[in-house]
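Taking it in order: structure first as structure tokens, then the write-up.
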Amino acid sequence: MWQYLLNYDFGLLNFLLGLFDIDKVNFLSYDRAIVTTTVVVLTISLGGPIVILSAALGGIPVSYYEAAELDGASFWRKHIRITLPMMKPTILFVAVTSTIGAFQLFAIILLFTAGGPNYATTTILLLLYQEAFVNGDYGRANAMAVILSIIIVIIAWLQFKFLRTDIEY
């Protein structure tokens with residue numbers, strides 16, 4: 001669908017630009033490919049975290065806000081002292097899973113641009129795939145996978161260290 005929307009010759013976005021007498025835009029050119037793929041990835045991957053965070057926000061008891069309002073807490077004070085601490089475990093979960101998902105970005109890039117033009121959208125996992133299945137260097141790809149796993153574990157550990165909290169309801 002995205003390739004149809006962004007195609008230079010017959011894409012819907014270029015058709016709409018033509019209706020307003022604006023020149024066609026090559027959304028997948030070297031200088032625009034990373035921005036275009038970022039927009040596509042964000043539109044695809046933000047739905048889940050928004051639903052999870054909305055559910056967590058709805059799970060905070062209204063009585064906490066009412067009690068804070070009776071105590072004279074301002075709008076910002078309520079959100080800093082109630083909303084943020086109550087949402088911290090959910091924020092941790094979303095941060096860790098989104099980070100892991102960002103490192104595993106592969107299929108969209110492979111289908112969309114195959115890492116091009118001129119390696120503008122090449123990700124770590126796509127490079128690993130090319131080493132293993134295009135170049136046939138399985139040992140190097142295995143080493144890259146181990147290093148990638150270590151990097152993901154370190155980042156997840158840091159997120160747990162800084163976002164972890166013990167909440168008693």
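Elements of the type helices (runs of 4 or more DSSP H) sitting completely within region 2-78 and holding at least 2 residues that are more than 24 Å from the chain's Cα centre (by Cα), among the hydrophobic types (A, V, I, L, M, F, W, C) and surrounded by 10 or more Cβ atoms within 10 Å (Cβ to Cβ): these cover 12-19, 62-70. Considering region 121-155, the residues that are free of Cβ contacts under 8 Å to residues at least 12 places away in the same chain and not in a helix (DSSP H, G or I) include one that is surrounded by the most Cβ atoms within 10 Å (Cβ to Cβ), namely ASP137.
From the list ALA102, ALA114, the one residue that fits, being surrounded by fewer than 16 Cβ atoms within 10 Å (Cβ to Cβ), closer than 19 Å to PRO49 by Cβ and among the small types (Gly, Ala, Ser), is ALA102.
Every number in this text was worked out from the coordinates using simple rules, so none of it is lab data. Given the structure is predicted, the values throughout are model-derived calculations rather than measurements. Please note: Cβ atoms are built from the backbone with ideal geometry, for glycine as well, and neighbour counts cover all protein chains shown.
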